[in-house]
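Below you'll find the structure, written out as structure tokens, and then a few comments.
What follows is calculated from the coordinates using simple rules that are stated; it is not laboratory data. What you are looking at is a predicted structure, and each value in this text was computed from that prediction instead of being measured. Every residue, glycine as well, gets a Cβ built from its backbone with ideal geometry; the counts of neighbours run over all protein chains shown.
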Protein chains: 2
Amino acid sequence: MEKVLAAIESGREGFISELKDLLRIPSVSSDPAHAGDVRVAAEWVRKHLADMGLEAEIHETPGHPLVFAQKCDAPGKPTILFYGHFDVQPVEPLDEWTSPPFEPVERDGNIVGRGTADDKGQAFTHVKAVEAWLKGAGCLPVNVKILLEGEEEIGSPNLPAWLAEHRDLAAADVVVISDTSQFGPGLPSVCTGLRGIAAFEIHVETSSTDLHSGSFGGAVPNAIDVLTRIVSGLHTPDGGVAVAGFYDDVKAPSDEEMASWKALPFSEKQFLQSAGAQTLGGEPDRHTLERIWARPTLEIVGIGGGFQGPGHKGIVPAKAWAKCSMRLVPGMVPAKVIEAVKRHIEAASPASVKVKVEGGHGTPPVSIPTDSRWVAASVAALEKGFGAKPVFIREGGSISIVTRFVEDYGMPCLLLGFGLPDDHIHGPNEKFSLSDFMAGIRTSAYLMGELGREV
Amino acid sequence: MEKVLAAIESGREGFISELKDLLRIPSVSSDPAHAGDVRVAAEWVRKHLADMGLEAEIHETPGHPLVFAQKCDAPGKPTILFYGHFDVQPVEPLDEWTSPPFEPVERDGNIVGRGTADDKGQAFTHVKAVEAWLKGAGCLPVNVKILLEGEEEIGSPNLPAWLAEHRDLAAADVVVISDTSQFGPGLPSVCTGLRGIAAFEIHVETSSTDLHSGSFGGAVPNAIDVLTRIVSGLHTPDGGVAVAGFYDDVKAPSDEEMASWKALPFSEKQFLQSAGAQTLGGEPDRHTLERIWARPTLEIVGIGGGFQGPGHKGIVPAKAWAKCSMRLVPGMVPAKVIEAVKRHIEAASPASVKVKVEGGHGTPPVSIPTDSRWVAASVAALEKGFGAKPVFIREGGSISIVTRFVEDYGMPCLLLGFGLPDDHIHGPNEKFSLSDFMAGIRTSAYLMGELGREV
């Protein structure tokens, strides 16, 4: 272990430099224009893993390719599947980045750029931990499989089918994922639950073309007016979701779990500061951690319609749209929620106006039990890697494939987040602390060591 | 007069070809990127008028240039000032044009392209009538001044100052403007009123940056949610404007005027068809012509915020905006209305969220008396030019400079619209009937003849 840790410490500059190479590839999976870049990232990852001495292959899917690698020469030892992704979120609004999103830079102890925390940087910690074992100890203490995909940010549409086809190849005793975050600086965390997600779009059309507001204004419906009435009616005045039945299936956290959350060093002030907001929002009279971790939400993530250019234009707009994204909590079923939303919007739509709701991808929420040997090992590894006792938290985000591992294949998952809540993932100026990057590599190395010692 | 009419008939192909040259210049005044094109259009117009034998000059303004031309060698005869504009509205949404907006084509008896009706094509009718008099009769029956500007579509911000400085140069007995439309095909019209306009933008900011909807969704305000609540609250559920005091100063049309409107061959079905809409909107229980001509309106002309790209993105958006445009009717004062809107939005804005309202340009509404010799002459000219008795109508649109001519300089204005209500001005596939183009040229020639005969 000493030699492994030494390999980690001496490898620092190289690790960061390699990570920067990967970060420079603009692998935005949701944008068809970047499909080629997602493939370039896949090739980069494959070659990197192969150069480290793993059997590494590109696997094609109907969408973006994924990379599967393994080194399984520790008979009798457990098999760990490290899962992560090399695709990233879009970078808009570009003008709010202080440095170009795909030109990673080091600033204030962080590395800044799209994908630093979500998830290239975090996934890379496990890759580098494997490398450190190979360099420092000459072999791995466990059997290692690495699955890095290129479609996580679009809901992993093709990974379930790939897993079904490659059940034996991907089989493992435990799945380790670092795509969540610590509770705060110096508070390494084991995540015990994820919110699910379900997205939809609303399209309103009131006339076949934009109309002159002088000739028609005041006598015909306005697509943006219709849309804003529908959208504003999705929430109640007090901040809850107005869709009938939305909260029906919500499974509340246990009293014990709620108590443990309330004991966490959570500061609303700091939370607002990291959000850059003046005030809290959403459902009233609930602890903020409950609202993020255990309550569903419906966000309007984008809206557009009418004249978008500079200056003014005298029109009655014909079309308007909104993109919405719901976060779901244990108990809720995406398809059922989308149906309820569709019914709500249909009832809220004026007759004789075309209103269309298109349902997008859905990911069920997930819960992770805390009483396993895997969680025990990860707690020990985090404590050594970060030098601090980890806490149990949930995460408000969604990782669709975790549900598959847990529900479809009965593979226990460890969600070890190395990022921080203010890493601005999905937003401008995404960052990842370089000391947490290194602590993550140490944690992963310790985890392999812990699991290799057991039998 | 015979020779003038002959010159018009024989000139047809040439007129259309010249108009196409002017239409090809993308002189979008609201877009700084097209400032050079507005100037190219000004130069084109100046040269064209000079080649016809008028003294024609470019006049610089702090914004886009204008063109002033004259031929005043009919002593003792009245002086007509023809006013029009060579700037055009933006062309977005581009993908809804069936042919490129700046590549004019003839289709089904129309010329199709941006500016065909509003206003290059209509303004050109007077230019060609002047040319026909010069070619056919060798001289003009009246003194003619032509003022064509490049900032009408942005509210003519610099023309009032230019007029104040060039009071004598622009002085005339009557101003003739063709920037409105006929009531319908074969129903040439004298317009007796225009709505005013006042524009504003709403900007909402809830956080300093877009936030991950997993980490923050449900616990912070959403800029689009805040904006859509404000915007949807601008109207009452029944379609009226909800701003307190909005209707206070509205001067209702006389019973006689209302009766004349109700006698017009107005078809709601046709109106809806030309709008491409399924249903009427706006204030209930009023005649549609009253709603367009004599009632104020508040339209949301554009909205944007959050993620605008393809696919989905899990964010809580930080910023959202809406552009609004109000049409005002006689009695209303733009600045007063904007203040009322600002108060309304301030009251509707949640505390601790940044909401900013920026007032744009305002143009007061205008009324034109029908009992003048100028109106009498125009009625005669329209009847001969179009071969049909004209009707008195109003227009729901706004021409800011008309207010100046009438109120500041006491110059009577004749608003003779040659276009049609379904010309899609300001929208995609703007068109202008070629037979109305020719009838407009004849009307303008007759009008000059009529006014030249009187003394």
Problem - Given charges at Cβ of Lys, Arg, Asp, Glu: the stretch A:69-184 dipole, positive-most of A:PRO101, A:LEU159, A:ALA170 - result: A:ALA170
Fill in the blank from the handout: Hull surface over four for the Cα convex hull of the stretch B:10-144, reported in nm², is 9.0 nm²
Exercise for the section: Count, for each residue of A:201-211, the Cβ atoms from other chains sitting within 10 Å of its Cβ, then give me the mean as a whole number. Expected result: 5
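Assuming R0 = 41 Å, can you tell me the calculated FRET efficiency for the pair A:GLU106 and A:SER260, based on Cβ-Cβ distance, to the nearest 0.05?
E(calc), rounded to 0.05, equals 0.70.
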Practice task
Order these peptides, A:35-48, B:169-182, by their mean beta-carbon neighbour count within 10 angstrom, highest first.
Solution key: B:169-182, A:35-48
Handout entry: For the stretch A:239-255, Karplus couplings with θ = phi - 60° (6.51, -1.76, 1.60), whole Hz, Gly/Pro x
Key = x, x, 8, 8, 5, 4, x, 4, 9, 3, 9, 4, 9, 5, x, 5, 4
Problem - Label 7 Å beyond Cα on the Cβ vector: B:ALA50 copy-to-copy distances, nm - result: 7.0
Exercise for the section: For the stretch B:138-182, compute Rh as the Kirkwood radius over C-alpha pairs and then the Stokes-Einstein diffusion coefficient at 4 °C and 1.567 mPa s; write the answer in µm²/s, rounded to an integer. Expected result: 103 µm²/s
Completion exercise
So, in nm and shortest first, the distances from A:LYS389 to its counterparts in the other copies, with label points 7 Å along Cα→Cβ, work out as 9.8
Completion exercise
Magnitude of the Cβ-charge dipole (Lys and Arg +1, Asp and Glu -1) of the stretch B:190-327 about the Cα centre, nearest 20 debye, reported as 360 debye
Practice task
Treat the stretch B:321-455 as a sphere of radius equal to its Kirkwood radius over Cα pairs and apply Stokes-Einstein at 10 °C in a medium of 1.306 mPa s; give the translational diffusion coefficient in µm²/s, rounded to a whole number.
Solution key: 87 µm²/s
Practice task
For A:CYS413, enumerate residues with amide H under 5 Å from its amide H, sequence gap 5+ or separate chain, H modeled in the peptide plane.
Solution key: A:VAL175
Practice task
Any chance you could list the semi-axes, whole Å, largest first, of the equivalent ellipsoid that the Cα gyration tensor gives for the stretch B:56-122, using √(5λ)?
Solution key: 32, 17, 8
Exercise for the section: Provide, in order from the shortest bin, the percent of all Cα-Cα pairs of the stretch B:146-222 in each 10 Å bin, continuing until the bin that contains the maximum pair distance. Expected result: 11, 25, 21, 13, 13, 13, 4
Exercise for the section: Calculate the all-directions average of the projected area of the stretch A:259-326's alpha-carbon convex hull, and give it in nm². Expected result: 7.2 nm²
Fill in the blank from the handout: For B:ALA242, inter-copy label-point distances (7 Å, Cα→Cβ), nm, shortest first, read 1.0
Practice task
Could you sort A:52-59, B:190-197 so that the peptide with the highest average Cβ count within 10 Å comes first and the rest follow in order?
Solution key: B:190-197, A:52-59
Handout entry: Cross-link pairs beyond the 18 Å C-alpha cut-off, checked among A:LYS3/A:LYS431; A:LYS3/A:LYS71; B:LYS251/B:LYS389; B:LYS20/B:LYS128
Key = A:LYS3/A:LYS431; A:LYS3/A:LYS71; B:LYS251/B:LYS389
Exercise for the section: Find the Cα radius of gyration of the protein assembly as shown, compare it with 2.2 N^0.38 Å by division, and give the number to two decimals. Expected result: 1.16
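Provide the FRET efficiency to the nearest 0.05 for the B:ASP21-B:VAL333 pair, computing r from the beta carbons and using R0 = 41 Å.
Between B:ASP21 and B:VAL333 the formula returns 0.50.
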Completion exercise
Scalar couplings 3J(HN,Hα) for the stretch A:47-62 by Karplus 6.51 cos²θ - 1.76 cosθ + 1.60 (θ = phi - 60°), nearest whole Hz, x for Gly and Pro, are 5, 4, 5, 5, 4, 6, x, 9, 6, 10, 9, 7, 10, 6, 9, x
Completion exercise
Kirkwood Rh for the stretch B:181-267 from C-alpha pairs, in Å, is 18.2 Å
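Quick one: order A:GLU149, B:GLU201 by neighbouring beta-carbon count within 10 Å, fewest to most.
Neighbour counts put them in this order, fewest first: B:GLU201, A:GLU149.
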Handout entry: In Hz, Karplus ³J(HN,Hα) per residue of the stretch B:322-335 (6.51, -1.76, 1.60; θ = phi - 60°; x = Gly, Pro)
Key = 9, 9, 10, 9, 9, 9, 10, 10, x, x, 8, 10, x, 4
Exercise for the section: May I have the count of lysine pairs in the stretch A:305-373 with C-alpha atoms under 13 Å apart, counting pairs 8 or more residues apart or located on different chains? Expected result: 4
Fill in the blank from the handout: Over all Cα pairs of the stretch A:254-400, the Kirkwood radius sets Rh, and Rg/Rh then becomes 1.08
Practice task
Quantify how strongly other chains surround peptide A:29-35 by giving the mean number of their Cβ atoms within 10 Å of each of its Cβ atoms.
Solution key: 2
Problem - Cα Rg, Dmax, chain A, angstrom units - result: 23.3, 81
Fill in the blank from the handout: Which residues qualify? For A:PHE82, with a placed amide H closer than 5 Å and at least 5 residues away or on another chain, they are A:LYS145, A:ILE146, A:LEU147, A:VAL176
Fill in the blank from the handout: Between B:THR61 and residues 5 or more places away or on another chain, the pairs with built amide H atoms under 5 Å apart involve B:LEU66
Problem - Rg to Rh quotient for the stretch B:1-64, alpha carbon positions, Kirkwood Rh - result: 1.09
